Amino acid sequence: MRIAVVHGFGAPGGEDEAVLDQIAALTRAGHEVRLVSVNGRGRGPLAALRAFGPDVVHVHNLYPAFGRAWVTEWTGPVVATLRHGPHRGSRFAALQFPWAARGGLRQDPLLRRADRLVVLSEASRDACARAGLPRERLDVVPDFVPTVVEPGSEPEPGPEVEAGGAGDAWVCVAPLAPERGVLELLRRWPAGERLDVVGAGPLEGRCRAAAPASVRMCGAVGRGALRRAFGGYRGIVLPGRGARGVVPLVYAEALAAGLPVLAFEGAGASAVPRAVRSEGTGTVTTLDAHLPDALDVAAKIFPTLREHCRAVYAKRYGEAVWTERTECLYASLVA
């Protein structure tokens, strides 16, 4: 099958990596895949698509590289992935999907034209359906993480992360930004519990000031090095903030390493708490709860969940299952 992937690089939250992983997976499965992309604003993709002649076009992020009117001129099957969804409070979502801000499906040519719309979780599917998108056109296909991360130009791990194999430390992986909840977590973190915080962002100074002595700020770490270190931690702590309805890639990466998840729910929560409950991959608490008690419970349960986490990864977030689902989706449109 000939597949064209339309994507403008510069998207947040690991989207660029996910798109490249998917292109590699489809190529390994024997398909001819062409990436149509520019960095920054450029011409529409129609000329490149017509030259390639794909069986199906899969659109990821159009902002800011491409406009949207071109989809009305393309007559072949179109699939669009909605990574950020119709959630209030997301500036990127409002830019990527103007209909989310304006409240009308008729405002967006891509969403009106696409034959199928891919969402990453049941929570996101529910949100899109409430916003007016036909449920029968919404397919839940979670992102996958590859079993092996190819070496590349990524930050090298610091000694703090490499030393995470002692087994008595927790790890938190998230951007140090206001909407991600890391600062609030550090303000409540027990002084006697070891925690490695992996991430960078505008709140780094405030996070360092709020962190007790048992917390190590490790900065940005490449995902390959991080996944190699994951197995040595007690569990991963995800504050639960982010794009609503979205399960971040780091959740699947943790499961691949057999690392259970301590998730936080509350205002602005992502889809992680729902995934943890439905998949049995850890425990869920809130930032208002007594955190030492939540950590004690997790420390007792998590050693029994490691193999289960790996099984959930293979069944739901592995490359093979993603490829099979995506091939079936494409084949239904081409047929």
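The values are calculated or read from the model by the stated rules, or taken from the named source; none is laboratory data. In this text the structure is predicted, and so the values were computed from the model without any measurement. Note that each Cβ is placed from the backbone with ideal geometry, even for glycine, and that neighbours are counted across all protein chains shown. Just the protein is used for accessible areas: all its heavy atoms, side chains included, with ligands, DNA and RNA removed. Shrake-Rupley method; radii C 1.70, N 1.55, O 1.52, S 1.80 Å.
Can you name the condition, by its number, that residue 302 falls short on among (1) buried (at least 22 other Cβ atoms within 10 Å of the Cβ); (2) outside any helix (DSSP H, G or I)?
So residue 302 meets the others, but not (2).
In segment 305-317, which residue that is of a type in the set (A, V, I, L, M), at pLDDT 95 or above and in a helix (DSSP H, G or I) is farthest from residue 139 (Cα to Cα)? So that I can check it myself, show each step before the final result.
Within segment 305-317, the first condition is being of a type in the set (A, V, I, L, M), and the residues that meet it are 305, 311-312, 314.
Filter once more, keeping what is at pLDDT 95 or above: 305, 311-312.
The next check asks that each one be in a helix (DSSP H, G or I); those that pass are 311-312.
Numbers: 311: 23, 312: 20 Å.
The extreme case among them is 311.
In this structure, is residue 27 modelled with pLDDT of 90 or more and surrounded by 14 or more Cβ atoms within 10 Å (Cβ to Cβ)?
Working: modelled with pLDDT of 90 or more: yes; surrounded by 14 or more Cβ atoms within 10 Å (Cβ to Cβ): no.
For residue 27, the condition - modelled with pLDDT of 90 or more and surrounded by 14 or more Cβ atoms within 10 Å (Cβ to Cβ) - is not met.
Take the residues in segment 217-228 that are in contact (Cβ under 8 Å) with a residue 60 or more places away in the chain and among the hydrophobic types (A, V, I, L, M, F, W, C), then tell me which one is surrounded by the fewest Cβ atoms within 10 Å (Cβ to Cβ).
Of everything passing the filter in segment 217-228, 220 is surrounded by the fewest Cβ atoms within 10 Å (Cβ to Cβ).
Being touching a strand residue (DSSP E or B) at 6+ places or on another chain (Cβ under 8 Å) and not in a strand (DSSP E or B) is the filter here, so list the residues in segment 177-197 that pass it. Walk me through it before giving the result.
Initially, segment 177-197 is screened for residues touching a strand residue (DSSP E or B) at 6+ places or on another chain (Cβ under 8 Å), giving 179-182, 185-186, 189, 193-197.
Once the filter is applied, which keeps residues that are touching a strand residue (DSSP E or B) at 6+ places or on another chain (Cβ under 8 Å) and not in a strand (DSSP E or B), segment 177-197 yields 179, 180, 181, 182, 185, 186, 189, 193.
Determine which member of the set 168, 108, 115 is modelled with pLDDT under 95 and open to solvent by 50 Å² or more (accessible area, probe 1.4 Å).
Numbers: 108 fails: open to solvent by 50 Å² or more (accessible area, probe 1.4 Å); 115 fails: modelled with pLDDT under 95.
Selected residue: 168, the only one of 168, 108, 115 that is modelled with pLDDT under 95 and open to solvent by 50 Å² or more (accessible area, probe 1.4 Å).
Just to be sure before I move on: is residue 273 open to solvent by 60 Å² or more (accessible area, probe 1.4 Å) and either touching a Pro at 6+ places or on another chain (Cβ under 8 Å) or not in a loop (DSSP other than H, G, I, E, B) (or both) in the structure I sent? First the steps, then the outcome.
Details: open to solvent by 60 Å² or more (accessible area, probe 1.4 Å): no; either touching a Pro at 6+ places or on another chain (Cβ under 8 Å) or not in a loop (DSSP other than H, G, I, E, B) (or both): yes.
Criteria not met by residue 273.
Out of everything in segment 47-81 that is β-branched (Val, Ile, Thr) and within 27 Å of the chain's Cα centre (by Cα), what residue ends up being surrounded by the fewest Cβ atoms within 10 Å (Cβ to Cβ)?
78
List the residue pairs whose Cβ atoms are under 6 Å apart, where the first residue sits in segment 43-65 and is farther than 12 Å from residue 110 by Cα and modelled with pLDDT of 95 or more, the second is among the charged types (D, E, K, R) and open to solvent by 10 Å² or more (accessible area, probe 1.4 Å), and the two are 6 or more positions apart or on different chains.
52/34; 54/2; 55/2
Out of the residues in segment 130-161 that are at pLDDT 90 or above and not in a loop (DSSP other than H, G, I, E, B), state the one that is surrounded by the fewest Cβ atoms within 10 Å (Cβ to Cβ).
136
Is it the case, given these coordinates, that residue 320 is open to solvent by 10 Å² or more (accessible area, probe 1.4 Å), in contact with a Phe, Trp or Tyr (Cβ under 9 Å, 6 or more places away or on another chain), of a type in the set (Gly, Ala, Ser) and outside any loop (DSSP other than H, G, I, E, B)?
Criteria met by residue 320.
Scan segment 198-224 for residues that are within 18 Å of the chain's Cα centre (by Cα) and either part of a loop (DSSP other than H, G, I, E, B) or more than 16 Å from residue 14 (Cα to Cα) (or both) and jot them down.
Our first condition is that a residue be within 18 Å of the chain's Cα centre (by Cα); within segment 198-224, this holds for 198-201, 220-224.
199, 200, 201, 220, 221, 222 - these are the residues of segment 198-224 that are within 18 Å of the chain's Cα centre (by Cα) and either part of a loop (DSSP other than H, G, I, E, B) or more than 16 Å from residue 14 (Cα to Cα) (or both).
Just wondering, is there one or more residues in segment 198-216 that are touching a strand residue (DSSP E or B) at 6+ places or on another chain (Cβ under 6 Å), within 22 Å of residue 281 (Cβ to Cβ) and open to solvent by 20 Å² or more (accessible area, probe 1.4 Å)?
no
For residue 203, state whether it is farther than 22 Å from residue 315 by Cα, at pLDDT 90 or above and touching a Leu at 6+ places or on another chain (Cβ under 6 Å).
Values: farther than 22 Å from residue 315 by Cα: yes; at pLDDT 90 or above: yes; touching a Leu at 6+ places or on another chain (Cβ under 6 Å): yes.
In short, yes.
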